[in-house]
Amino acid sequence: MEESTLEQKLHALTHILTSPTTSPPLHSQLFISTQIPCFLNWDFPPILCNKPNSHAFPSLHLKWGFSLFLKRISRLGLPETSWRSKCPYSQPPPLILAKGVDEAQWEHAQKMEYVRKRLKRKRLGSDINPLIPILIPDALLFFLLLFNPFPLIDD
C-alpha cells in the first residue's frame, strides 16, 4: 500500500465506495489488485504484487489463500455482515441483512410497531449480581492479607 500513489489510492477507494459488495466480481478484483497490489486483508488476490522477495516460502499467494480460508472458516460459512446489515432503514438498503433482522417496512403502522418493539427490548448490559464486582476484588485483597505472597526476609 505504501508503494502506490495517492491517485491510485483514490481510484481504488472510489471504486470500492461506488460498488460495495461482499463477493466482488473478477474485474473488480483485478482492478483493485493493480491499484493496491499487495493488500492481503481483502478478498482481492495479490496477482500483480511486485514485492522483492516474492520467491520466498510461503509465497504471497499461499499467505493470501490461507488468510482467506481462515476468514471464511471463522464465520462457519455464514455471509459476512457489518453494522449496516443491522440497520434495515438505511439508504441504500444493506446488501445482506444480519441474522434476526427483518426487512424494512415503510408504512406508518409498521414503522410504529417496529419502534414499539425496539423500545420494549431489554437494555444492553450484563445480568450479573451487582455484588460480584465488589466481592471478588475484596476477597482477593483479604486473601493477600491472610497469606502474604512476599514474606519479609530477616537477615
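Please treat every number below as a calculation from the coordinates, not as lab data. It should be emphasised that the depicted structure is a prediction, and the values quoted were computed from it without experimental measurement. For neighbour counting, all protein chains shown are included, and Cβ atoms are generated from backbone atoms with ideal geometry for every residue, glycine included.
If R0 is 41 Å, what FRET efficiency do you get for residue 122 and residue 69 from their C-beta distance, rounded to 0.05?
0.65
With a Förster radius of 25 Å, plug the Cβ-Cβ distance of residue 14 and residue 87 into 1/(1 + (r/R0)^6) and report the FRET value to the nearest 0.05.
That pair, residue 14 with residue 87, gives E of 0.60.
Can you pull the one-decimal nm distance between simple spin-label points at residue 22 and residue 109, each 7 Å off the Cα toward Cβ?
It works out to 3.3 nm between the two label points.
HN-Hα J couplings of segment 18-26 from phi, Karplus 6.51/-1.76/1.60, θ = phi - 60°, integer Hz, Gly and Pro as x?
For segment 18-26, the Karplus-derived couplings read 8, 9, x, 7, 8, 10, x, x, 4 Hz, x marking Gly and Pro.
Among 114-123, 99-108, how do they line up by average Cβ neighbours within 10 Å per residue, starting with the highest?
99-108, 114-123
Along the Cα→Cβ direction, 7 angstrom out, place labels at residue 101 and residue 30. What is the inter-label distance in nm?
Those two pseudo-labels are separated by 3.3 nm.
Work out, step by step, the length gained on full extension between residue 136 and residue 150: first 0.36 nm times the residue separation, then minus their alpha carbon distance; give nm to one decimal.
2.9 nm
How would you rank 13-25, 59-71, 138-150, highest first, on the average number of other Cβ atoms within 10 Å across their residues?
The densest-packed peptide leads the list: 59-71, 13-25, 138-150.
Filter 9/63; 9/71; 9/111 down to the pairs with a C-alpha to C-alpha distance above 31 Å, please.
Cα-Cα > 31 Å for 9/111; rest within.
Residue by residue, what Karplus-based ³J(HN,Hα) values in Hz, rounded to whole numbers, does segment 61-68 have, using 6.51, -1.76 and 1.60 with θ = phi - 60° and x for Gly and Pro?
5, 5, 4, 5, x, 5, 5, 5
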